[in-house]
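Engineer: Structure incoming, see below.
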There are 2 protein chains.
Amino acid sequence: MVTSFFVMKKGITVLLLLTVIVIALNITDCLATATAAAAPKQEKTDTVEVIATGYTAGVESTGKRPGHPQYGITFSGVKVRRDQVSTIAADTKLFPIGTLLYIPGYGYGVVADTGSAIKGNRIDLYFETIKQVYEQWGKRTVHVEVLRKGTGKLSQAWLNKINQAIEAGKPIPQTYLES
Amino acid sequence: MVTSFFVMKKGITVLLLLTVIVIALNITDCLATATAAAAPKQEKTDTVEVIATGYTAGVESTGKRPGHPQYGITFSGVKVRRDQVSTIAADTKLFPIGTLLYIPGYGYGVVADTGSAIKGNRIDLYFETIKQVYEQWGKRTVHVEVLRKGTGKLSQAWLNKINQAIEAGKPIPQTYLES
């Protein structure tokens with residue numbers, strides 16, 4: 001019985017060890033997946049995951065209006081350009097001025113500019129007009145849920161009321177969902 | 001000792017059970033994450049796929065400047081609004097004025113406006129500023145290819161030449177890819 005007890009004890013130790021190993025492997029796997037999804041990926045040495053927005057030379061992006069001596073002039077000194085190789089803005093710590101990138105959905109971009117919000121893995125892609133940023137970069141395909149079919153009319157009072165109702169933390173009252 | 005043996009056996013059973021539960025939970029968790037990330041969603045009958053862009057009340061979107069009598073007034077007559085329920089533009093043949101949608105990544109939107117380019121499954125989401133359209137709707141995560149690391153300088157002549165080379169339909173000459 002003493003032997004059997006020790007065998008038992010050994011068995012428990014092995015079981016415990018196995019348990020710990022299997023759980024650890026599972027957690028490692030899950031963590032690896034989570035990390036891969038969240039962290040900026042370093043795939044091949046020459047491919048980098050970045051977050052890209054569009055910008056123009058205009059006042060909404062640069063604070064400068066046409067007529068300003070530096071209007072349309074990038075940090076590097078070259079003029080903004082949307083061409084085969086366009087001028088883009090980046091964090092020069094990551095991509096020094098003159099870095100040539102290929103950006104899927106945009107084309108070739110050369111780092112010519114910087115920006116106060118363009119830090120780390122953020123880049124800004126130059127477009128000639130605000131409309132082009134909206135149309136060529138700011139488009140998303142989404143699946144919208146139709147909660148209520150409109151009657152063809154909308155009143156300010158209805159819009160105020162439904163906003164107040166939701167603001168108060170309530171679900172949308174059924175009366176607002178009936179057409 | 002017999003009691004102790006049974007207690008041991010019971011202990012192992014409990015341990016084994018716990019192991020199975022913990023592993024199962026870990027795997028379920030991982031699978032759920034993978035499914036949520038990868039699988040195309042089963043659409044309910046009241047879900048519609050649309051292409052969504054952002055817009056503002058400003059001149060770049062509406063042609064109207066502050067001071068214009070119709071500035072900030074939607075087709076329906078209500079004022080533009082970014083709130084719990086925001087005003088959006090749609091093709092009224094598909095979504096009549098007053099239609100209430102839930103738009104992932106934006107929130108609730110009520111069809112209040114129209115637009116010359118907003119036909120069929122296109123919708124326009126109202127934002128208060130151009131910057132908000134860029135930052136809150138016009139952001140993409142992309143994998144960029146680094147073709148050449150910059151030297152910290154960029155000349156107009158280099159940019160002109162590389163553009164001419166690509167314009168001529170040639171691949172980028174090797175000399176442009178060396179830092």
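Engineer: Return the residue satisfying two criteria in turn: it lies in the range A:124-147 and is closer than 21 Å to A:THR74 by Cα and among the aliphatic types (A, V, I, L, M), and of such residues it is farthest from the other protein chains (Cβ to nearest Cβ).
Structural biologist: Among those residues, the one meeting the criterion is A:LEU125.
Engineer: Also, I was wondering about something else. Filter the range A:33-60 for residues that are modelled with pLDDT of 95 or more and more than 8 Å from chain B (Cβ to nearest Cβ); which is surrounded by the fewest Cβ atoms within 10 Å (Cβ to Cβ)?
Structural biologist: Among them, the one singled out is A:VAL59.
Engineer: Another one. Only one of A:VAL110, A:VAL80, A:VAL85 is more than 9 Å from chain B (Cβ to nearest Cβ), hydrophobic (A, V, I, L, M, F, W, C) and touching a strand residue (DSSP E or B) at 6+ places or on another chain (Cβ under 8 Å). Can you tell me which?
Structural biologist: Among A:VAL110, A:VAL80, A:VAL85, only A:VAL80 is more than 9 Å from chain B (Cβ to nearest Cβ), hydrophobic (A, V, I, L, M, F, W, C) and touching a strand residue (DSSP E or B) at 6+ places or on another chain (Cβ under 8 Å).
Engineer: Could you grab me the full set of residues in the range A:92-123 that are in contact (Cβ under 8 Å) with a residue 60 or more places away in the chain and open to solvent by less than 20 Å² (accessible area, probe 1.4 Å)?
Structural biologist: The one that is in contact (Cβ under 8 Å) with a residue 60 or more places away in the chain and open to solvent by less than 20 Å² (accessible area, probe 1.4 Å): A:ILE123.
Engineer: What are the pairs, 6+ residues apart or on separate chains, where a residue within the range B:133-156 that is buried (at least 21 other Cβ atoms within 10 Å of the Cβ) has its Cβ under 6 Å from a residue that is in a strand (DSSP E or B) and among the hydroxyl-bearing types (Ser, Thr, Tyr)?
Structural biologist: B:TYR134/A:THR53; B:GLY138/A:THR53
Engineer: From the list B:THR151, B:THR175, B:THR141, pick out the single residue that is of a type outside the set (Lys, Arg) and under 30 Å from B:ILE103 (Cβ atoms).
Structural biologist: Matching residue, one of B:THR151, B:THR175, B:THR141: B:THR141.
Engineer: While we're on this one: Among the residues that make up the range A:162-174, is at least one of them more than 7 Å from chain B (Cβ to nearest Cβ), closer than 23 Å to B:LYS79 by Cα, surrounded by 14 or more Cβ atoms within 10 Å (Cβ to Cβ) and not aromatic (Phe, Trp, Tyr)?
Structural biologist: Yes, the conditions are met somewhere in the range A:162-174.
Engineer: On to the next question. Report yes if some residue within the range A:62-73 is open to solvent by less than 20 Å² (accessible area, probe 1.4 Å) and free of Cβ contacts under 8 Å to residues at least 24 places away in the same chain; otherwise report no.
Structural biologist: Scanning the range A:62-73 turns up at least one residue that is open to solvent by less than 20 Å² (accessible area, probe 1.4 Å) and free of Cβ contacts under 8 Å to residues at least 24 places away in the same chain.
The values are calculated or read from the model by the stated rules, or taken from the named source; none is laboratory data. Because the structure is a prediction, the values reported are computed rather than measured. Ideal geometry is used to build each Cβ from the backbone, glycine not excepted, and the neighbour counts take in all protein chains shown. Just so you know, the surface numbers come from the protein's heavy atoms only, side chains and all, with ligands and any DNA or RNA stripped out. Shrake-Rupley method; radii C 1.70, N 1.55, O 1.52, S 1.80 Å.
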